[in-house]
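Asks: One structure, as structure tokens, below. Some questions next.
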Amino acid sequence: MTADQGETPAGTGGAGTADLTLDAEVAGADVPAELIAQSLGQYFRASWLRVRGGNSGILPVILGLVVVAVGFQIANSKFLSAQNLVNLFEQSTVYMLLAIAEIFALLLGEIDLSVGLIMGLGSVVVAELVQPSGANWPWWAAIIVTLLACAAFGAIQGTLVARLKMPSFIVTLGGLLILEGVAIIVLGGSLVGIGNSGFTNEVYLYNIFRGTFNPVVGWILLAVVVGAAGTGFWMQDTRKRRRHLETAPRSLTALKIVLMAVAGIAVVAICNVNRAHAGTIEGVPFIIPIVLVVLVASTFLLQRTRFGRYVYAIGGNPEAARRAGVRLPAIRTWCFILAGLISGIAGVLFASWQVSLTTNIIKAANSYVLLAVAAAVIGGTSLFGGRGKTIHGVLGGLVIGGIYNGLYLLGVSSQWIDVVVAAVLLAAALIDVLSRRGAPVQK
């Protein structure tokens with residue numbers, strides 16, 4: 001589509017719409033709808049054609065969230081209460097971060113089975129380092145060292161996969177077993193607690209998960225975030241138009257900004273409700289901006305940088321990427337490093353959430369890797385590589401968190417909860433396989 005075509009007013013006749021339809025059908029699922037649409041109506045038509053072409057995007061997980069919310073609200077009226085919604089998001093945080101970490105491996109067509117145990121080791125290390133009776137490190141130094149250690153382990157695994165051509169399944173499975181043993185050794189069979197005990201470093205670590213912003217500060221932060229993001233979106237589109245590049249319709253950009261503002265207002269309003277049975281607990285939890293920063297940073301890295309383009313190219317066709325000059329070993333190694341780093345962030349939150357760490361909790365961390373893969377796939381990331389976004393991890397984590405939360409409210413036993421999550425995962429994998437069959441063959 002040329003620059004002149006891009007300036008054709010919407011609704012000028014059947015020819016323009018026919019061209020749009022032809023472009024969408026030819027491009028299939030590989031061209032974003034906003035790049036071939038000149039109005040909101042054309043954008044929605046092109047998006048529907050992409051769904052029919054095999055790329056359903058986040059539509060299934062959005063529908064899944066709606067079904068989960070409506071179903072559990074009908075079964076228990078407390079599900080959509082402010083108190084439970086905030087609890088749901090807090091409980092889903094670890095799933096979200098681990099899913100984002102896993103997505104960096106899945107986009108390559110690889111898998112990382114160690115993210116759960118990297119999280120477990122990270123939680124043990126940061127908890128041990130801030131102990132007043134032990135190392136008694138400053139909380140910020142303990143977090144930095146923990147994240148560096150987790151990233152270093154990811155680098156070792158990435159090197160084995162990328163440089164020595166070892167299967168990622170075997171490498172990360174071995175890493176899982178090693179980390180489980182190391183974490184138990186570090187614990188030394190004793191209970192490591194993180195409480196609001198009065199020791200400064202423990203208090204800061206404790207408040208990472210449980211601390212909240214003042215309600216007024218929450219509204220200020222929302223205004224800053226929406227204002228900065230909205231201005232960035234609008235200026236970016238303006239620059240593209242000046243250079244005669246294809247870009248989204250102005251109405252679509254404005255709609256995205258409005259939806260972002262509405263979603264932010266809803267989140268802040270819900271969080272500012274007093275959630276305490278006695279006393280006062282209100283305000284946006286600290287963990288929300290933490291997850292938001294990780295999401296924005298990883299999205300920018302994958303969607304707006306050369307590194308991200310290389311990741312998708314390798315996942316789509318590694319041989320073609322190699323012939324195009326992409327350094328496959330370096331990109332693959334960095335993806336495993338980033339997976340380890342983000343898993344380390346999840347570990348810090350996990351330590352703050354659990355308060356006390358025992359060997360049983362470390363062994364239970366094995367299940368988190370399965371939930372990380374499940375969240376990524378349920379969110380819309382392909383198991384075959386080359387397709388997915390980090391927002392899929394956040395949405396998939398919310399679905400899993402919603403299922404766990406809702407079934408616990410109904411008093412369902414943990415065994416049946418696992419069965420339901422497994423059924424949702426199989427359904428998501430089936431959608432992925434069927435969409436791949438419906439996608440156009442690349443030549």
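Asks: State all residues of region 68-89 that are assigned to a loop (DSSP other than H, G, I, E, B) and not small (Gly, Ala, Ser); if no residue qualifies, say none.
Replies: Within region 68-89, Asn76, Lys78, Phe79, Leu80 meet the criteria.
Asks: Also, I was wondering about something else. Residues of region 109-158 being closer than 24 Å to Asn366 by Cα and of a type in the set (Phe, Trp, Tyr), which ones?
Replies: If the condition is that a residue be closer than 24 Å to Asn366 by Cα and of a type in the set (Phe, Trp, Tyr), then Phe153 is the only one that fits.
Asks: Moving on to the next point. Can you tell me which residue in region 72-90 is surrounded by the fewest Cβ atoms within 10 Å (Cβ to Cβ), limited to those that are farther than 14 Å from Arg275 by Cβ and touching a residue at least 60 places away in the same chain (Cβ under 8 Å)?
Replies: Only one residue tops the list, namely Ala75.
Asks: For region 271-325, how many residues meet the condition of being in contact with a helix residue (DSSP H, G or I) (Cβ under 9 Å, 6 or more places away or on another chain), of a type in the set (Val, Ile, Thr) and part of a helix (DSSP H, G or I)?
Replies: 9
Asks: Then there is this: Can you pull out every residue in region 253-293 that is open to solvent by 60 Å² or more (accessible area, probe 1.4 Å) and basic (Lys, Arg)?
Replies: Lys256
Asks: Looking only at region 46-71, which residues are modelled with pLDDT of 75 or more and more than 22 Å from the chain's Cα centre (by Cα)?
Replies: Val70, Gly71
Asks: Could you say whether any residue in region 408-415 is within 16 Å of the chain's Cα centre (by Cα), in contact (Cβ under 8 Å) with a residue 12 or more places away in the chain and not in a loop (DSSP other than H, G, I, E, B)?
Replies: No, region 408-415 has no match at all.
Asks: If you go through region 91-107 one residue at a time, how many are open to solvent by 10 Å² or more (accessible area, probe 1.4 Å) and either more than 16 Å from Ile287 (Cα to Cα) or touching a strand residue (DSSP E or B) at 6+ places or on another chain (Cβ under 8 Å) (or both)?
Replies: Qualifying residue count, region 91-107: 0.
Asks: Quick check: anything in region 234-251 in contact (Cβ under 8 Å) with a residue 24 or more places away in the chain, part of a helix (DSSP H, G or I) and either of a type in the set (A, V, I, L, M, F, W, C) or open to solvent by less than 40 Å² (accessible area, probe 1.4 Å) (or both)?
Replies: No.
Asks: What helices (runs of 4 or more DSSP H) completely inside region 120-233 contain at least 2 residues that are open to solvent by less than 20 Å² (accessible area, probe 1.4 Å) and among the aliphatic types (A, V, I, L, M)?
Replies: Counting at least 2 such residues, we get 139-162, 168-187.
Asks: Among the numbered criteria (1) more than 22 Å from Val293 (Cβ to Cβ); (2) free of Cβ contacts under 8 Å to residues at least 12 places away in the same chain, which single criterion is violated by Leu259?
Replies: Condition (1) is where Leu259 drops out.
Asks: With respect to Ala330, determine if the residue is touching a residue at least 60 places away in the same chain (Cβ under 8 Å) and assigned to a helix (DSSP H, G or I).
Replies: Answer is yes for this residue.
Asks: Cβ-Cβ under 8 Å, sequence separation 6+ or interchain: first residue in region 293-307 and without any contact (Cβ under 8 Å) to a residue 60 or more places away in the chain, partner open to solvent by 90 Å² or more (accessible area, probe 1.4 Å). Which pairs?
Replies: Close Cβ pairs satisfying both conditions: Phe307/Trp334.
The values are calculated or read from the model by the stated rules, or taken from the named source; none is laboratory data. Everything numeric in this text was worked out from a predicted model, so none of it was measured. Every residue, glycine as well, gets a Cβ built from its backbone with ideal geometry; the counts of neighbours run over all protein chains shown. Areas reflect the complete protein model, heavy atoms only, side chains present, ligands, DNA and RNA absent. Shrake-Rupley method; radii C 1.70, N 1.55, O 1.52, S 1.80 Å.
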